[in-house]
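The values are calculated or read from the model by the stated rules, or taken from the named source; none is laboratory data. The shown structure was predicted, so the numbers you read here are calculated from the model rather than taken from an experiment. With ideal geometry, Cβ positions are generated from the backbone for all residues, glycine too; neighbour counts draw on all protein chains shown.
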Ligand code: TYD
Ligand code: MG
């Protein structure tokens, strides 16, 4: 087939050019030109022609005539995945599953395929990365072997159409979108132009046939690879699979979801036989905790709307030479420096001249500001050589004035902590005073009610100094060094 003509457009200013240039003559941006096809309609339209019965209606319709009750869904049978998708796969939609190489995207894809296959639906698995033998090897590690799944080791986008027509699958998996290449544009596989064109083609085919398409895409830490970013507006759902390769814990997050909330997250653990949903992540994270250890504090974080308990550990050591070291794993180093300064100036715990190490256990990356108070307490505990009580947890964001600020969803965090046996929970005092003031003096505060329902003792703290004083009162017996 003859190569289709293509042209280039600038991603910054939108100007069109007949050939590729390193710098856009219109806006002066460097490397901003991407290729796209000049062919009139996407190839996916062929699917429409070949399967007229499945063609979606494009007639205008009054809103009242649109059936209510939401979109029909195909449950995946993987609870954590269904939760993130908002109930299951939507026919005719396109899902982008992104993540760093080696995080487990292919494994999740294969498990999804197996699960959908087990429900009697046909699955077409297109792999441009692995041979069919490699896929079989991986599949044998997983709990169920999807024997009927149709495999296709292919990198040419056009070659998918025929098996697609022949098998009429309910689910088409493409691993990965970066390996796919269409004749419509000339650039190399994995380039922005190719990735976008291939995805558009598959999206059109999904709409035409009613199949759900899952595109697997790699992203690097700095997003350098052409990929998922350029696809976000093209697809219906963007899922990111995150985690630390050295740990088993994985989080599946929805960045965009046209059919559900982006607040839900799925939690998995990668084991010997694939990914397993983790219904109780807190228990997983606290399993190795040594209760009452110096420099350790438990913080209830939010992953989406879900509270998850995590241990933060800190080690404060005398700086041996030169400037003091700051090393944080799973926590922002700038934030750590800020908390150290606030602790020194407002909390009376000076670790500014010491080496400070901080570790969020389990390979989790903490972004929730509510962890501030727990991090500060872990540092203070190590600096003062005083352990926190084993049943203590801390919730609160810390401001530059040393004040402990309110956080989102305090109640669900408190409930999760209490459920796991944490009976003394430090919470922002501002939560109490403001609410109580607005309701009048006679009413009991929200914190009292929370303490009653959760069965935990809530310790309201105004600022870091309060928290440190509480640590000194209730922590170990020795006096601070
Ligand atoms: P993979 O799904 O290939 O990652 P991606 O497609 O995102 O690049 O899996 C990556 C890692 O997972 C790999 O190092 C091996 C590991 N793994 C397990 O630990 N257990 C398993 O059952 C499987 C299939 C893989
Ligand atoms: Mg892979």
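Which is more than 16 Å from ligand 1 (Cβ to nearest atom) and within 24 Å of residue 161 (Cα to Cα), of 120, 77?
When all the criteria are applied, what remains is 120.
Given the conditions (1) within 23 Å of residue 250 (Cβ to Cβ); (2) within 16 Å of ligand 2 (Cβ to nearest atom); (3) in contact with a strand residue (DSSP E or B) (Cβ under 9 Å, 6 or more places away or on another chain), which single one is not true for residue 146?
(2)
Is at least one residue of region 134-143 modelled with pLDDT under 90 and surrounded by 19 or more Cβ atoms within 10 Å (Cβ to Cβ)?
No, that holds for no residue.
Among the numbered conditions (1) away from ligand 1 (no atom under 12 Å from the Cβ); (2) assigned to a helix (DSSP H, G or I), tell me where residue 178 comes up short.
The one condition residue 178 does not meet is (1).
Please give the number of the condition residue 183 fails out of (1) modelled with pLDDT of 90 or more; (2) over 26 Å from the mean Cα position of the chain (by Cα); (3) away from ligand 2 (no atom under 16 Å from the Cβ).
(1)
Can you tell me which of 158, 147 is within 30 Å of residue 269 (Cβ to Cβ), more than 16 Å from ligand 1 (Cβ to nearest atom) and surrounded by fewer than 24 Cβ atoms within 10 Å (Cβ to Cβ)?
The match here is 147.
Using the structure shown, decide if residue 274 is over 15 Å from the mean Cα position of the chain (by Cα) and not assigned by TED's automatic domain parsing to the domain that holds residue 418.
It is true that residue 274 is over 15 Å from the mean Cα position of the chain (by Cα) and not assigned by TED's automatic domain parsing to the domain that holds residue 418.
Can you name every residue in region 327-352 that is part of a strand (DSSP E or B) and touching a helix residue (DSSP H, G or I) at 6+ places or on another chain (Cβ under 6 Å)?
Answer for region 327-352, where residues must be part of a strand (DSSP E or B) and touching a helix residue (DSSP H, G or I) at 6+ places or on another chain (Cβ under 6 Å): just 328.
Scanning for something touching a helix residue (DSSP H, G or I) at 6+ places or on another chain (Cβ under 6 Å) and either over 27 Å from residue 316 (Cβ atoms) or at pLDDT below 90 (or both), does region 353-376 turn up at least one residue?
Yes: one or more hits.
Taking only region 304-332 into account, find how many residues are within 18 Å of residue 251 (Cβ to Cβ) and in contact with a strand residue (DSSP E or B) (Cβ under 6 Å, 6 or more places away or on another chain).
Qualifying residue count for the region: 10.
Kindly establish whether residue 29 is surrounded by 11 or more Cβ atoms within 10 Å (Cβ to Cβ) and modelled with pLDDT of 80 or more.
It is true that residue 29 is surrounded by 11 or more Cβ atoms within 10 Å (Cβ to Cβ) and modelled with pLDDT of 80 or more.
Suppose the filter is in the same structural domain as residue 169 (by TED's automatic domain parsing), over 14 Å from residue 174 (Cα atoms) and out of contact with any helix residue (DSSP H, G or I) (no Cβ under 8 Å at 6 or more places or on another chain); does residue 65 pass it?
no
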